[in-house]
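This is the structure, below, for whatever I ask next.
The values are calculated or read from the model by the stated rules, or taken from the named source; none is laboratory data. Just so we're clear, the structure is a prediction, and the values are computed from it rather than from any experiment. Cβ placement follows ideal geometry from the backbone for every residue including glycine, while neighbour counts extend to all protein chains displayed.
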């Protein structure tokens with residue numbers, strides 16, 4: 001009988017978690033003896049609808065990946081028998097046996113705010129090593145950044161009321177739930193329901209009871225009383241299993257030790273008001289109301305504007321899938337190559353997807369109060385005014401960076417968000433934060449474009465004439 | 001210096017990958033000596049916009065989870081020191097040491113089509129075991145089903161032209177990319193770019209070259225020639241790095257051995273027509289055109305309706321995130337409990353989220369040609385007409401099911417989709433497939449509702465009067 005596959009990540013063979021074309025190109029570079037040092041930059045080309053900034057996240061897992069990537073003997077055997085590698089020499093597979101990442105990584109520390117086209121990571125390594133990492137790095141940064149950004153919007157809408165992550169069950173598989181819990185915390189959430197994320201990352205674990213607890217007893221009052229017996233100091237009760245207002249009264253019978261009630265369905269505005277009144281009338285002004293159920297930044301914003309007396313929001317689906325913008329279009333592009341000591345800038349200009357050449361740095365200007373003024377994307381060695389955002393993280397394959405705790409990252413993100421002026425972070429119709437490219441970078445772009453066009457595209461007229469003759 | 005966290009799933013402690021409240025409830029059930037056998041059912045309450053059916057997927061990973069769930073000593077230690085477990089006895093933690101899943105699982109085989117409210121999984125186990133599994137099972141089934149469904153729409157739009165999964169970099173983290181590759185294949189894709197998915201699941205791995213390959217050489221022609229040297233039988237070339245039409249001519253110089261060209265940007269309709277003309281004029285009628293770049297079922301449908309000569313579609317972001325409907329609202333609800341040999345039906349009727357009680361079965365009626373006619377959701381023991389869709393998969397904690405290969409699952413899904421009449425699967429405005437509830441189930445629902453309301457809600461009037469006096 002077949003054994004069910006877990007589809008967990010292969011700890012001893014992370015090299016396989018990549019696109020096939022990374023490995024065919026790797027084999028190609030190897031066979032062509034192209035041992036140039038290459039620089040790739042990861043950036044987000046366009047911000048999605050309703051996003052005016054990005055809270056970067058995912059670097060810690062990038063660090064783990066680049067310091068652990070390898071190919072197991074079984075993985076190599078698998079690759080060897082793929083028909084596409086027929087003509088590839090054994091030496092390439094020998095090379096994979098000892099494959100490690102030996103290059104350098106510059107990155108924006110997690111919690112940094114990034115904008116469109118700004119490099120978030122910059123990898124400089126032997127061409128093959130930098131190439132193979134593309135898919136894995138993108139999937140980590142795209143996802144975590146997307147969720148940290150969404151969470152920051154939800155947290156901002158909650159205006160200081162607590163937001164917690166309840167999304168594990170709706171995330172894109174079990175690991176996505178864990179990564180989402182991490183990203184939500186970076187974006188400002190106070191806790192997560194995901195126990196493994198709490199265990200591994202020291203995020204506060206939160207949660208109370210589900211409908212099943214209430215349903216498992218003969219009646220609701222019994223279920224509430226019995227829960228309180230075991231968790232006397234943490235009695236937050238879900239009150240909507242049968243009837244929310246009756247549930248509120250059943251919960252109130254717990255008395256002063258009751259900590260909170262949760263409403264998970266119905267009209268949260270009206271119900272929260274009625275439940276508050278019921279609790280207050282029983283002298284339970286201290287009891288918190290937790291709301292959950294398909295919440296997002298807009299619902300929360302509306303609820304609070306309408307005066308809903310909700311103390312805490314449990315947010316799931318919409319936050320952990322970034323439902324209104326569930327994908328971030330991160331790209332990872334070759335910008336420079338060193339061939340026999342000579343630096344060659346690289347760019348592409350395919351139709352609607354032009355990229356800028358050269359190693360870049362992002363320079364952020366702050367005003368005296370620390371508020372963001374504008375960013376300039378310039379050349380790495382331009383030394384422009386402003387704070388450079390990309391920092392050295394890995395040097396020659398070794399971590400050269402003090403990995404911050406998740407709490408420190410949350411503080412960084414919160415600090416940055418506090419210093420982004422309101423007009424650039426409104427939930428709707430925010431202004432576009434000013435990001436320009438330096439003169440030096442623009443000059444390099446024109447120079448590079450001319451060189452490449454000269455070699456590759458100058459023959460266009462000839463071809464076009466030929467084509468029109470078809 | 002801190003070590004970077006991988007956030008891989010903990011193979012020896014899958015029990016932690018759950019919501020905290022599952023574990024507080026587990027402790028509560030344990031302390032209350034509630035060893036009832038409980039039945040939970042997993043279903044999707046509403047189909048998302050533009051979805052008229054679901055291609056179920058994820059069961060194999062559910063099987064892995066239920067046969068491997070455990071708590072490591074470190075995990076138990078972590079739980080013990082959480083303040084919320086202060087009053088919980090040591091016996092509960094002793095119990096977790098030997099925790100396994102000892103229950104039964106009924107499930108729709110993967111590739112079965114499901115509709116709103118139909119149970120896809122049914123778990124019968126000691127209350128604690130069934131409870132803890134909730135979040136993990138939901139995340140697996142929600143995600144894989146959502147992607148297999150989306151993929152089936154993309155594949156259907158492609159009308160027999162090949163669709164392959166290029167989405168790893170945009171999936172919600174590295175594991176989501178692997179799970180997505182699996183689900184896309186179940187939904188009818190011909191291959192995946194994800195090498196680990198290919199390795200682990202025997203899905204054809206596909207892929208060619210990226211822009212970086214072209215950019216890494218001094219000129220495009222060189223880059224094409226050198227790739228062809230190493231991969232003479234698999235030369236599919238990306239032609240839009242600098243100029244798509246010039247790229248097509250550069251590719252054509254490879255001659256008869258050229259296998260395909262890929263266009264990744266610009267107006268795919270116009271470009272594919274011009275590229276086809278260029279290739280045909282060089283006598284390269286056999287060379288395939290592959291299109292990629294933010295494709296989805298609507299784009300593909302439009303391209304083909306407009307006569308785009310595209311042979312193969314590489315689809316990424318939109319498919320692996322199910323971008324237009326990135327979350328499936330799966331729920332996992334207690335439907336029945338056995339207490340001292342007595343079966344007690346369970347349901348909730350919170351505002352807009354009523355659930356039906358009792359162990360259920362889905363009975364599907366097919367016509368003589370095997371086409372779907374209608375489904376009835378009935379009681380497990382009703383033995384209604386039609387094919388029962390839920391099959392025994394785990395019995396007393398042991399797999400009792402021949403796990404099909406991924407290829408068999410794809411065939412099942414394809415077969416089912418072929419037998420769902422066109423009007424129920426149109427890309428837009430499909431009719432709602434008829435699903436009804438049996439008389440037996442409706443009777444049980446009324447009976448159960450009355451019993452529960454009698455105990456829990458009959459006092460409403462008293463309360464309501466009291467409330468209005470506030």
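Right, residue B:136: within 21 Å of residue B:355 (Cα to Cα), in a helix (DSSP H, G or I) and in contact (Cβ under 8 Å) with a residue 40 or more places away in the chain or not?
Criteria met by residue B:136.
Select from region B:367-379 the residues that are surrounded by 13 or more Cβ atoms within 10 Å (Cβ to Cβ) and more than 25 Å from the chain's Cα centre (by Cα) and list them in ascending order.
B:379
What is the one condition in (1) farther than 22 Å from residue A:243 by Cβ; (2) in contact with a helix residue (DSSP H, G or I) (Cβ under 9 Å, 6 or more places away or on another chain); (3) without any contact (Cβ under 8 Å) to a residue 60 or more places away in the chain that residue B:457 does not satisfy?
The failed condition is (1).
Then there's this: Anything in region B:30-41 that is in contact with a helix residue (DSSP H, G or I) (Cβ under 8 Å, 6 or more places away or on another chain) and buried (at least 24 other Cβ atoms within 10 Å of the Cβ)? List them, or say none.
B:38, B:39, B:40
Using the structure shown, decide if residue A:66 is crowded, with 24+ Cβ neighbours inside 10 Å and either in contact (Cβ under 8 Å) with a residue 40 or more places away in the chain or more than 21 Å from the chain's Cα centre (by Cα) (or both).
Answer is yes for this residue.
Kindly indicate whether residue B:443 is in the same structural domain as residue B:381 (by TED's automatic domain parsing), surrounded by fewer than 13 Cβ atoms within 10 Å (Cβ to Cβ) and under 20 Å from the mean Cα position of the chain (by Cα).
It is false that residue B:443 is in the same structural domain as residue B:381 (by TED's automatic domain parsing), surrounded by fewer than 13 Cβ atoms within 10 Å (Cβ to Cβ) and under 20 Å from the mean Cα position of the chain (by Cα).
State all residues of region A:387-406 that are surrounded by fewer than 17 Cβ atoms within 10 Å (Cβ to Cβ) and within 16 Å of the chain's Cα centre (by Cα); if no residue qualifies, say none.
none
Can you find, within region A:46-66, the residue that is farthest from the other protein chains (Cβ to nearest Cβ) among those that are assigned to a loop (DSSP other than H, G, I, E, B) and touching a strand residue (DSSP E or B) at 6+ places or on another chain (Cβ under 6 Å)?
A:53
Only one of these conditions is not met by residue B:195: (1) surrounded by fewer than 24 Cβ atoms within 10 Å (Cβ to Cβ); (2) closer than 29 Å to residue B:9 by Cβ. Which number is it?
Of everything listed in (1) surrounded by fewer than 24 Cβ atoms within 10 Å (Cβ to Cβ); (2) closer than 29 Å to residue B:9 by Cβ, residue B:195 misses just condition (1).
Then there's this: Checking residue A:142 against (1) within 30 Å of residue A:297 (Cβ to Cβ); (2) more than 10 Å from chain B (Cβ to nearest Cβ); (3) in contact (Cβ under 8 Å) with a residue 60 or more places away in the chain, only one condition comes out false. Which one?
The single condition residue A:142 does not satisfy is (2).
Those residues that are in contact with a strand residue (DSSP E or B) (Cβ under 6 Å, 6 or more places away or on another chain) and either more than 19 Å from residue A:265 (Cα to Cα) or at pLDDT 95 or above (or both), I need them from region A:193-239; list them, please.
Hits for region A:193-239 are A:193, A:195, A:198, A:203, A:204, A:206, A:224, A:236, A:237, A:238, A:239.
Between a residue in region A:201-212 that is more than 16 Å from residue A:410 (Cβ to Cβ) and any residue that is part of a loop (DSSP other than H, G, I, E, B) and at pLDDT below 90, which pairs come within a Cβ distance under 9 Å, given they are 6 or more apart or on different chains?
Qualifying pairs under 9 Å: A:211/B:348; A:211/B:350; A:211/B:353; A:212/B:348.
Do we have residue A:359 as facing chain B (nearest Cβ under 9 Å) and surrounded by 14 or more Cβ atoms within 10 Å (Cβ to Cβ) here?
Against the criterion (facing chain B (nearest Cβ under 9 Å) and surrounded by 14 or more Cβ atoms within 10 Å (Cβ to Cβ)), residue A:359 does not qualify.
Sticking with this one: Are any residues in region A:184-232 more than 7 Å from chain B (Cβ to nearest Cβ) and more than 22 Å from residue B:172 (Cβ to Cβ), and if so, which ones?
A:190, A:202, A:204, A:214, A:217, A:221, A:222, A:223, A:224, A:225, A:228, A:229 - these are the residues of region A:184-232 that are more than 7 Å from chain B (Cβ to nearest Cβ) and more than 22 Å from residue B:172 (Cβ to Cβ).
On to the next question. Quick check on region A:161-183: of everything there that is touching a strand residue (DSSP E or B) at 6+ places or on another chain (Cβ under 8 Å) and either at the interface with chain B (Cβ under 7 Å from one of its Cβ atoms) or in a loop (DSSP other than H, G, I, E, B) (or both), which residue is surrounded by the fewest Cβ atoms within 10 Å (Cβ to Cβ)?
Looking at residues that are touching a strand residue (DSSP E or B) at 6+ places or on another chain (Cβ under 8 Å) and either at the interface with chain B (Cβ under 7 Å from one of its Cβ atoms) or in a loop (DSSP other than H, G, I, E, B) (or both), I get A:161.
To continue, here is another question. Please find, within region B:321-337, the residue that is surrounded by the most Cβ atoms within 10 Å (Cβ to Cβ) out of those that are touching a strand residue (DSSP E or B) at 6+ places or on another chain (Cβ under 9 Å) and in a loop (DSSP other than H, G, I, E, B).
B:328
Being in a strand (DSSP E or B) and in contact (Cβ under 8 Å) with a residue 24 or more places away in the chain, is that true of even one residue in region B:414-435?
Scanning region B:414-435 turns up at least one residue that is in a strand (DSSP E or B) and in contact (Cβ under 8 Å) with a residue 24 or more places away in the chain.
What number of residues within region A:74-106 satisfy the criterion of being assigned to a helix (DSSP H, G or I), crowded, with 16+ Cβ neighbours inside 10 Å and within 33 Å of the chain's Cα centre (by Cα)?
Adding up the residues that qualify gives 6.
Just the residues that are in a strand (DSSP E or B) and under 24 Å from residue B:265 (Cα atoms), please, taken from region A:338-382.
Across region A:338-382, the qualifying residue is only A:345.
Filter region B:392-413 down to the residues that are assigned to a helix (DSSP H, G or I) and in contact with a helix residue (DSSP H, G or I) (Cβ under 9 Å, 6 or more places away or on another chain) and list them by number.
B:406, B:407, B:409, B:410, B:412, B:413
Condition first: more than 22 Å from residue B:317 (Cβ to Cβ) and out of contact with any helix residue (DSSP H, G or I) (no Cβ under 9 Å at 6 or more places or on another chain). Can you find one or more residues in region B:140-161 that meet it?
Looking for residues that are more than 22 Å from residue B:317 (Cβ to Cβ) and out of contact with any helix residue (DSSP H, G or I) (no Cβ under 9 Å at 6 or more places or on another chain), one finds at least one in region B:140-161, hence yes.
Looking for whichever is at pLDDT 95 or above, closer than 28 Å to residue B:170 by Cβ and within 11 Å of another protein chain (Cβ to nearest Cβ) here; the options are B:289, B:263. Which one fits?
B:263
Sort out which residues of region B:426-439 are surrounded by 16 or more Cβ atoms within 10 Å (Cβ to Cβ) and over 30 Å from residue B:301 (Cβ atoms), and write them in order of number.
Those that are surrounded by 16 or more Cβ atoms within 10 Å (Cβ to Cβ) and over 30 Å from residue B:301 (Cβ atoms): B:437, B:438.
Working only within region B:11-45, note down all residues that are part of a loop (DSSP other than H, G, I, E, B), more than 8 Å from every other protein chain (Cβ to nearest Cβ) and more than 24 Å from the chain's Cα centre (by Cα).
B:12, B:33, B:35
When you check residue B:149 against the structure, is it more than 13 Å from chain A (Cβ to nearest Cβ) and surrounded by fewer than 24 Cβ atoms within 10 Å (Cβ to Cβ), yes or no?
In short, no.
If residue A:156 meets every condition in (1) more than 14 Å from every other protein chain (Cβ to nearest Cβ); (2) surrounded by 24 or more Cβ atoms within 10 Å (Cβ to Cβ); (3) in a helix (DSSP H, G or I) apart from one, which number is that one?
Residue A:156 satisfies every listed condition except (2).
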